[in-house]
Structure formats: structure tokens, C-alpha cells
1. Quick one: grab the alpha carbon gyration tensor of the stretch 8-76, order the square roots of its eigenvalues as a ≥ b ≥ c, and give me rounded if a/c is under 1.5, else prolate or oblate depending on whether a/b is larger than b/c.
2. Got a sec? Charge dipole of the chain, +1 on Cβ for Lys and Arg, -1 for Asp and Glu; which of V122, T105, G54 is way out at the positive end?
3. Gain in length, A67 to R252, computed as 0.36 nm per residue apart minus the alpha-carbon separation, to one decimal in nm?
4. Pairs K45/K102; K84/K319; K112/K304; K207/K304; K8/K84; K102/K304: which are spaced more than 22 Å apart, C-alpha to C-alpha?
5. Inverting the mean 1/r over all pairs of different Cα atoms, compute the Kirkwood radius of the chain and quote it in Å.
6. For the stretch 178-321, what log10 I(q)/I(0) values come out of the Debye formula at q = 0.20 1/Å, with one point per alpha carbon and no solvent?
7. Run the helix sum for the chain: -39,500 (n - 2.57) per DSSP H stretch of 4+ residues, divided by residue count, reported at 222 nm to the nearest 500 deg cm²/dmol.
8. Please report Rg over Rh for the stretch 8-147, where both radii come from the alpha carbon positions and Rh follows the Kirkwood definition.
Amino acid sequence: MSKISSRKVVVVGAGAVGSAFAYALAQAGAAEEIVLTDLNADLAKGQALDLAHGTPFYPTVSIRAEAAPAAYEHAAVVVVTAGKAQAGPDQSRLDLLAINAKIVTIVAEQVKATAPEAILLVVSNPVDILTHVAAARTAWPRGRILGSGTVLDSARFRYLLASHCGLSPQSIHASILGEHGDSEFAAWSLAHVGGMPFVEYCAICGKCAHSTLRDEVEAEVRQSAYHIIGYKGSTSFGVGMAMRTIVAAILRNERRVLTVSATLHGEYGLDNVTLGVPCIIGANGIERVIEASLTAYEANALRKSASLLQQTLADLDRKTSEKR
């Protein structure tokens, strides 16, 4: 059983992603208290006040801003969206990663000290690496620290398949696995429509060549974030809904299967790497990692994704050591 005794959710980072999540969560009715915290205290106060003015239209919920670390006290779930954006072309991706890893580590350590029973959900990018850093440096049980993983990517996958096939996205179950990034891949062997494997449904549907659909859809999933960023500068609504789904599954103990970032301990033949795989999400966070049967091609794609993440972690460790 979970030790969580409240339904308080703390959102670290009151920018576009954090505020979109808070707005979605308020409407879901899963939390009884939502607290926004940000280094920019005025931004957190403004977002909280704006959201609070909508409380007559939400299920009952209290919304406010508070400075960390006091904000974390008695939290059931702490959601980390904070992170630095790239300062310019002269700043390397590894330099930026080192900064964000430090931010996430500080948050995790503060949460550990002030809310020792809370669950930590990392959303800041690169989410798999930062989730791994938080887990490794706090030594919490695996279930208590998770990342948003490929939950949004899987939703995009389902949306695109539904659009191609003329179906409701709710009727399609399909997952993107691996890194939340360029090495992610579609697990086509796990995709199905109403219990029917997707490849069998394609033969009945006959709208397009399955091989062509696979290539087009998988490429579009990978490029989705780039397209949105190109149009409006950042993503917010889709990831906010993905976060709401994960947090609601925890607060309501839904035991829902979602492709969150989980640290693997032998599953899929992988160890000491964090990436998106199907997990049962409930009151204790990650209740279980589901080791699905993948094709040889998919298993190899997962290993390649894991290898890239492990190399990035090694580079980050070297960068951190050099600064000491």
C-alpha cells in the first residue's frame, strides 16, 4: 500500500509546461492542492493567481504559489519542469545538460529532506538522463522517481494512426519506446486495434500500404516536437496532458500502463539505464516494469537507444568530474 496521505502536487517551474500541467490537473479533479514554485517568484504567484481565479469552474482544489523547499512539505507528488534553455550557439548540449542535472539534483535533495514519502516525476529535458541522475543521486527506490518518458510520444503515435485510419485514438493502443528523443522507435508488434494486431487490421482496412504507413508515421512522431517548436516556440498542452495522466494515475492508484522513464535492472537485458518502457503506474509510482515481448528488430532498437543514453551519461560524468 502507498504511504501517501495527501493529494498535494507541487509543480517546480511555472513556465509554459508547468502552468499547462497545473491547468490540466486542476480540471481533472485528482489533486486537492496544487502548489507552484519557481525561482521567479512573481511568475509563480501570477500563474497561481490566474489559475485560482478559475476555481469556481474546477472540481474542488486549492491553488497557490510558495517558495521551495517549504513548498514540498507533505507533497504526494513533486513534478519537475524547471530547466535552463540553451543560452546560444556557443553553449554545448553537454554544458546545458550539466546545468539541468544540477537543478534536478538540488530539487531531488530538497524533496528528500522535506517530503521523504513523495514521488518525484521528472519532465525537464533530456528527461531520461535527468531522471537517471535524480534516481542515482538520491538512491530512492525505483518506483519513487520516474520520468515522463515516451507517454506524449505514444499519444502522438496513437493520434497519427487514428488520423490515417479514420478511427478514434481511444480505439488504438500503441507505444513508442526508448529515449524521449531521436533514438525512440515505434513498437509495432505491440500496436493493436480492438484487440487485433495492427498489421492484421491494416490488411482489412486496405487504405494504404502498411510499410509506407509505418515509415511516415514513425518519422512524424519523431519530428512532432520540432514542428511545434518551429511554429510557436515550445510545446506545452500535449505534455501537460501527458503529465496530468501520469499524476492522476498515481493519486487515484489507477494501475495504468504508461511508457514512463524507468531505470532498468535487467529487464530487456538492460541494466543501469533509464528510458521509456511500459510500466504499471499506481499509488507507489512505478509499481512494475512490464517486460513486453519485442521482435528482434525492436529489441535491437531498444538496445541502441539505451547505448546512446549510457554514452551521454558517461560524457556527463566526465564533464562533472572535470569541474571538481
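1. It comes out oblate by the Cα gyration axes.
2. After comparing all options, I get G54.
3. 63.9 nm
4. K45/K102; K112/K304; K207/K304; K8/K84; K102/K304
5. In the chain this quantity evaluates to 20.2 Å.
6. Treating every Cα as an identical point scatterer, log10 I(q)/I(0) equals -1.41.
7. After summing the helix terms and dividing by residue count, I get -15000 deg cm²/dmol.
8. Dividing the radius of gyration by the Kirkwood radius yields 0.98.
Throughout, read-outs are computed from the coordinates displayed, never taken from laboratory work. What you are looking at is a predicted structure, and each value in this text was computed from that prediction instead of being measured. Using ideal geometry, Cβ is built from the backbone for each residue, glycine included, and neighbour counts are taken over all protein chains shown.
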